[in-house]
Amino acid sequence: MKLLLAGRRGASDPLSFPPEAPLPWLERVEAWVQQAAGELLEASRIEDGPQGAPVLRLRLHPAAGEVSVLAATQERLVVSAETSAVGPGYHLYLCDLLKALGEAHGIIWAPPDADAGVGDATGYFHSGDSGPVEEHMLGWLQHSVGQVLRMRSLGNSGFALSMRFGHTFQHPGALLTPMGPRDEHWLRAVFEDPRQGVDVFPWWTPGVDARMRFQRALCRLWTDVVWRPPLLDEERQRLRDVARLLEQAWREDPSLPYPWREWQEVLGYLGVGGTVAEEVHRHALESPGTGPSIGYRRGSVQVALPEGWEIRIPGSLAETRLGDGSWVARDHRRTVRVLPLEDSAEEQLAPTSPERRALELEHHGARVSGRASLHVGPGECRLTALCRSGNRRALCVVSFDDPDEQDWALGTWRSLDHAVAA
């Protein structure tokens, strides 16, 4: 569901004129949200928006897109969000949070305007009637599933529902969702009766309770967790968040279908022991070992990179963006680096440089071609490639410790693609 709200700030308090400048006002709003949302706030930042107007971006759920609060002028603001990926519980929570924000900061919200697309399509933000929210979500789900079924009947595959942009997971299943893959039988059942598909929403019922925490953790396990000991502080924090959510949910409602094996893995990566860890271990031993483990990142992932590039890597690699504009993915044994180049950057590799002389391998794909050098030695292996797609250039460097992973390095380089070749 698209939520698009317009408002005027300071309108309820004539003594506040002239209104506070947009940036310090947004900073106060950010501080208020941090306190009001508490542990539900995934991330927040302020950046330049359209025509230089500051915009506050909030992430309130691992399956949700960002909520944008744009301070369009000294008085006007625009809030936009998409709630379909998470469910009715999230939609109600976000609307209530925004209403409280308006009360705390003197915001007068504009009435809904269907012709302009402004307002809450479910009506809840304006009327307080939560009844239509579920029906809107179920209608959206049935429509989306119907589209997938039609495309599958034409022979297409590789569909995802409500997955955040940036990563495409290589995982079996007719449809990938933040709550795990779904098969053809699920698609057909949900198309006939969309209430059969409420399990795909990580926040269906209103309120912050055990089920919400359990499903929030399950969403993270499927989409975000990297299945190895953490390399980065943010990875360790993510594992801690999952462990905390599962423990809170379990203490409140131990009857939920907890992913005991994966929970035990998370605690093992963190080196956590104690009573809870022992309980999790006991349940993990008793859990049936059939079926694939939770976690899309156990397999390969296609990553969207700067300047329209994309590459396929193991999902276990830790990703970072560096100050020079390059993207790096690594673990203890392997590193992949991609740097988009300016038109003149390739000339900086002089014809006499070792990299330039040793471009001994070639690859010609549908949209990308490249020339690479490969050095394989004891404990130090490196592939350096210059890649081209139309007038776009990129440097790709793959480093690895084990010479037996030469084929992996070559496959990683050759997977480099460009979404739209110039």
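All of the numbers you see were taken from the coordinates with simple rules; none came from a lab. Computed from a predicted structure; not experimentally measured. A quick note on method: Cβ atoms are made from the backbone with ideal geometry, for glycine too, and the neighbour counts reach across all protein chains shown.
Computed over segment 2-129, the range of Cα coordinates on each principal axis works out to 39, 31, 27 Å, biggest value leading. The amide H of Gly10, built 1.01 Å from its N in the peptide plane, has Ile107, Ile108 as neighbours under 5 Å, considering only residues 5 or more places off or on other chains. I need the shape label for segment 135-286. Rule: rounded when a/c is under 1.5, else prolate if a/b > b/c, else oblate, with a, b, c from the alpha carbon gyration tensor. Because a/c hits 1.5 or more and a/b exceeds b/c, segment 135-286 counts as prolate. Here the Karplus relation 6.51 cos²θ - 1.76 cosθ + 1.60, evaluated at θ = phi - 60°, turns the backbone of segment 69-83 into coupling constants of 10, 9, 8, 5, 9, 4, 10, 8, 9, 10, 10, 10, 7, 10, 10 Hz, with x for every Gly and Pro.
The residues packed around Val225, meaning those with a beta-carbon under 14 Å from its beta-carbon, carry a net charge of +3 if Lys and Arg are +1 and Asp and Glu are -1.
Secondary structure note: in the chain, about 95% of the DSSP beta bridges are antiparallel. Fewest-first ordering of Arg312, Arg382 by other beta carbons within 10 Å of each residue's beta carbon gives Arg382, Arg312. Computed from the Cβ-Cβ distance with R0 of 35 Å, the FRET efficiency linking Val208 to Glu342 stands at 0.15. In percent, rounded to a whole number, the relative contact order of the chain is 10, using alpha-carbon pairs under 8 Å and six or more apart. Among 26-37, 146-157, sorting by the average number of other beta carbon atoms lying within 10 angstrom of each residue, highest first, gives 26-37, 146-157.
Mind grabbing the base-10 log of I(q)/I(0) for segment 52-196 at q = 0.08, 0.15, 0.19 Å⁻¹? Debye formula, identical points on the C-alpha positions, no solvent, two decimal places. At q = 0.08, 0.15, 0.19 Å⁻¹ the computed log10 ratios are -0.29, -0.88, -1.19.
For segment 310-343, the residues whose backbone nitrogen is under 20 Å from a point 7 Å from the Cα of Asp404, taken along Cα to Cβ, are 314-317, 331-335. With a simple spin-label model that places each label point 7 Å from the Cα along the Cα-to-Cβ direction, the separation between Ser130 and His332 comes to 4.7 nm. Can you work out the PRE-style zone for Ser153? Point 7 Å along Cα to Cβ, and I want the residues of segment 168-195 with backbone N under 19 Å. Label zone hits: 174-175, 183-194. Using only the Cα atoms of segment 135-180, build the gyration tensor, take square roots of its eigenvalues as a ≥ b ≥ c, and label the shape rounded, prolate or oblate: rounded if a/c is under 1.5, else prolate if a/b is larger than b/c, else oblate. Oblate, since a/c reaches 1.5 and b/c is not below a/b.
Can you give the relative contact order of segment 155-288 as a percent, counting alpha carbon pairs under 8 Å and 6+ residues apart? Relative contact order for segment 155-288 comes out at 17 percent. The slack between Ala36 and Arg240, meaning 0.36 nm per residue of separation minus the straight C-alpha distance, is 71.3 nm. Look at the Cα gyration tensor of segment 46-110: its axes a ≥ b ≥ c give a/c of at least 1.5 with a/b at or below b/c, and that counts as oblate.
What does a probe at Glu192 reach in segment 156-175, counting residues whose amide N is under 20 Å from the point 7 Å along Cα→Cβ? Within reach of a label on Glu192: 174-175. Legend: calculated FRET efficiency, Asp233 to Asp199, from the Cβ-Cβ distance at R0 = 35 Å, rounded to 0.05, equals 0.60.
The modelled label-to-label distance for the pair His185/Thr73, using points 7 Å beyond Cα in the direction of Cβ, is 5.9 nm.
Over the C-alpha trace of the chain, radius of gyration and Dmax come out as 24.4, 74 angstrom.
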